[in-house]
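**Student:** Handing you this structure, nothing more for now.
The values are calculated or read from the model by the stated rules, or taken from the named source; none is laboratory data. Please read all numbers here as calculations on a predicted model, not as lab measurements. Here the Cβ positions follow ideal geometry from the backbone for every residue, glycine too, while neighbour counts run over all protein chains shown. Remember, those area values only see protein heavy atoms, side chains included, never the ligands or the DNA or RNA. Shrake-Rupley method; radii C 1.70, N 1.55, O 1.52, S 1.80 Å.
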Amino acid sequence: IFMEERDKNIKIDSLRFLFNDYRINAWWFEVIEMYRRVIFIGVIPLTSSITSKRASFGSYLAIISVLYYREKEPFKYKFNNSIAYVAQIAILITFFAAISIDLGVMMVFGLNDFQIGVLLVFCNLLMSIMVIKNGLTRFKKLKKKKEDIQVKAEKMEWAVEFSANKFKTTFASINKTSVPASDILVFYYTSFDIARMAMRSGLPAIDKFDGIPFTFRHPHQIDIIEQSIFGNKDACLVLSLPRVMLKSLKGYENEKYLCCLPVGILKAMKPLYSPSQILFIKPWIDNLLMLPPQCILRTYQLVNDSIENPASLSNKFKKSNKNTLNM
């Protein structure tokens, strides 16, 4: 939880490069890491003119590094801790090899300098092999995640014949299983085409409301005020949003069942989402203010036919958002 809060805090963006790779309780570790590198590169070569003494001093420091990285695990990602630990072991082996070569210890085992060099190359290549393997694994996971997003973006559940009780029980189930305590279930009504686009790229802010309007009411509860706000009730988007982010809807402050996600919140959220998580990235490239599709839990089809023209959809996104960006 604390890691998520730190990642969302835009006030520390200018300093994030110093601690972003580390866990909360190791935010200071980059300073230690820089001093460690300075000692290994700049101090050890000056400690003695004798190779074995320099290598011995380096070995002591390498042992300390191995133990520290193993016990502390400062990085927030498990693989980074693993590769750092292996790197410290490789450094330790390199210093041991330097001692062995200088003192001729390896000759007892029938190993010459060339053979020792081959072993050292292998030890150092091991890290590269680990990185490549991890890269391939992550690529496969990202590909699978992209496919899952694609499936979700194309899924619109049939709810044309849902009764009021069916909607009530369905949303109660969603609220119980998918909505954290800090969030609340909200609804957005729109056309088929905008609903499909929202599942692919997100919901655009609307200049008229200084954000994105939502309602707490189910489809069977919609009144004339909500119809005038949303304009279309072909589809229903069900979203989970933090309560603290929602404000009264501009022009409808007395209507407690209406709310708005302000443009200020959307601007703050924008850097937090990776393009790899969004199927249709063009509105984001065009710098439109959008609520990302990850916030959409379900999409329901409420009528049989659509009257929206898909060719005009991109322009509609831009029109609804054009003045919001300049605020």
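**Student:** Once ligands and nucleic acids are excluded and a 1.4 Å probe is used, how much of Val131 is accessible, expressed in Å² to the nearest 10?
**Tutor:** Spelled out: Val131, probe radius 1.4 Å, area about 80 Å².
**Student:** Does segment 107-264 come out rounded, prolate or oblate by the C-alpha gyration tensor, with a ≥ b ≥ c the root eigenvalues, rounded set by a/c under 1.5 and, if not, prolate when a/b is larger than b/c and oblate if not? Let's see the in-between values first.
**Tutor:** Values: a/c = 3.63, a/b = 3.00, b/c = 1.21.
Prolate, because a/c is 1.5 or more and a/b exceeds b/c.
**Student:** What does the charge count around Gln88 come to, taking other residues whose C-beta lies under 11 Å from its C-beta (Lys +1, Arg +1, Asp -1, Glu -1)?
**Tutor:** Values: positive: Arg36, Arg70; negative: none.
Once all neighbours under 11 Å are counted, the net charge is +2.
**Student:** Moving on to the next point. For segment 70-87, list residues with backbone N below 14 Å from a point placed 7 Å from the Cα of Asn25 toward its Cβ?
**Tutor:** 71-76
**Student:** Say the cut-off is 28 Å between C-alpha atoms; which of Lys250/Lys270; Lys72/Lys145; Lys140/Lys233; Lys166/Lys256; Lys133/Lys267 go over it? It would help to have the intermediate numbers written out before the result.
**Tutor:** On the way: Lys250/Lys270 22 Å; Lys72/Lys145 31 Å; Lys140/Lys233 38 Å; Lys166/Lys256 24 Å; Lys133/Lys267 37 Å.
Table pairs above 28 Å Cα-Cα are Lys72/Lys145; Lys140/Lys233; Lys133/Lys267.
**Student:** Another question, then. Relative contact order of segment 63-135, please, whole-number percent, based on alpha carbon pairs below 8 angstrom and at least 6 residues apart.
**Tutor:** Working: 32 pairs, mean separation 24.2, N = 73.
Once divided by the residue count of segment 63-135, the mean separation gives 33 percent.
**Student:** With label points built 7 Å along Cα→Cβ from the Cα atoms of Val303 and Asp113, find their separation and express it in nm.
**Tutor:** 8.5 nm
**Student:** What FRET efficiency would be calculated for the residue pair Lys168, Phe79, taking the C-beta separation as r and a Förster radius of 41 Å, to the nearest 0.05? Could you put the intermediate results ahead of the total?
**Tutor:** Values: r = 45 Å, r/R0 = 1.10.
Efficiency, rounded to the nearest 0.05: 0.35.
**Student:** With each label point set 7 Å from Cα along the Cα-Cβ vector, what nm distance links Lys144 and Ile50?
**Tutor:** For the pair Lys144/Ile50, the computed spacing is 5.6 nm.
**Student:** Also, quick follow-up: With Cβ to Cβ distances under 13 Å as the rule, what net charge do the other residues near Glu73 carry (K, R +1; D, E -1)?
**Tutor:** Details: positive: Arg23, Arg70, Lys72, Lys76, Lys78; negative: Asp21, Glu71.
Computed value for this residue: +3.
**Student:** Continuing with the same structure: May I ask for the net charge around Thr169, where only other residues with Cβ less than 15 Å from the Cβ of Thr169 are counted and Lys, Arg are +1 while Asp, Glu are -1? Could the numbers behind the result be given before it?
**Tutor:** Details: positive: Lys166, Lys168, Lys176, Arg298; negative: Glu157, Glu161.
My count for the surroundings of Thr169 gives +2.
**Student:** Quick one: grab the alpha carbon gyration tensor of segment 63-135, order the square roots of its eigenvalues as a ≥ b ≥ c, and give me rounded if a/c is under 1.5, else prolate or oblate depending on whether a/b is larger than b/c.
**Tutor:** In terms of gyration-tensor shape, oblate.
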